[in-house]
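Chemist: After the C-alpha cells below, expect a handful of questions from me.
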Amino acid sequence: MNKPVGGQQAHTMSTDTVLLNDRTQISELLSRYCGAIDDKCISITLVAATFLPDGSYVAPNGVAIVGLEAIATRLTTSFSRFRATHHVTSDHIIDFDGNTARLRANMTAMHLWSEEESDSRSLQTHFVAGGVFEAVAVRATDGWRFSQLAARITWRTGAGLPMLARMGSSSD
C-alpha cells in the first residue's frame, strides 16, 4: 500500500524534480547549439536562445568572441568552410551554485571540408576532433543561457590539419 508523501519527503522530491529539469534544460541547450551547427541553421535567433546578450564563445584556439552578433557572425563564417559537420556530446556533468551552473561535456566532431576548402590531391576530405565543451550557464528570465561556452580540443586527425594551422585564429 502506498503512503501519501508529505513534509520533508515531498519537499525533497520537488527540489529533485526542479534540479532534474534544470539539468535537462542545460544539457539540451548544448545539444540544440550543436544541432544548429550541424543543420547549418546558425542565426542570431539561435545565438540569442543559447547565450546571454554579453555571453562569450571561446573558440578552440582560445580566442573569445563576445556578444550575440559577433558570435553569430563568427560561427557562420567558420562553419561555412564545411560541407557538413556532426557533433556528438556525452558525459554531461553539471554542477549548480544557485542560479549558475557549470557544464562539462565530452565532444567528438566530424568536419567534412567544402569543395573549395578541400585539397584536391588528398583522398581524405574530412577531419575528426575530440575534446571538451566547458560552459557556464545562468538562469535567465526566459530559461538557461550560456554566459560562456568554450570548446577545448584535445586531439584531431584527418585531412586539412596544415590548413587549420595556417588559418590560426579562425580555427573552430
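Chemist: β-branched (Val, Ile, Thr) and under 25 Å from residue 159 (Cα atoms), is that true of residue 88? Step through it out loud before you land on a result.
Modeler: Details: β-branched (Val, Ile, Thr): yes; under 25 Å from residue 159 (Cα atoms): yes.
Yes.
Chemist: While we're looking at this one, here's another question. Given the criteria of a type outside the set (Lys, Arg) and under 20 Å from residue 112 (Cα atoms), does residue 59 qualify? Before the answer, list the steps.
Modeler: Values: of a type outside the set (Lys, Arg): yes; under 20 Å from residue 112 (Cα atoms): yes.
Here the answer is yes, as residue 59 does meet what is asked.
Chemist: Same structure, new question: Provide a single number: the residues in the range 137-162 that are surrounded by 18 or more Cβ atoms within 10 Å (Cβ to Cβ) and modelled with pLDDT under 95. Give the steps one after another, and end with the answer.
Modeler: The first filter runs over the range 137-162 and keeps only residues surrounded by 18 or more Cβ atoms within 10 Å (Cβ to Cβ), leaving 137, 144-146, 148-151, 159-160.
Still in the running and modelled with pLDDT under 95: 159-160.
So the answer is 2.
Chemist: Among the residues that make up the range 115-135, is at least one of them crowded, with 18+ Cβ neighbours inside 10 Å and closer than 21 Å to residue 18 by Cα?
Modeler: yes
Chemist: Could I ask something else about it? How many residues does the range 53-104 contain that are surrounded by fewer than 14 Cβ atoms within 10 Å (Cβ to Cβ), assigned to a loop (DSSP other than H, G, I, E, B) and touching a strand residue (DSSP E or B) at 6+ places or on another chain (Cβ under 6 Å)?
Modeler: Looking only at that region, the number is 1.
The values are calculated or read from the model by the stated rules, or taken from the named source; none is laboratory data. Everything numeric here is computed off the predicted structure, so don't read it as measured data. Positions of Cβ are generated from backbone atoms using ideal geometry, with glycine treated the same way; all protein chains shown enter the neighbour counts.
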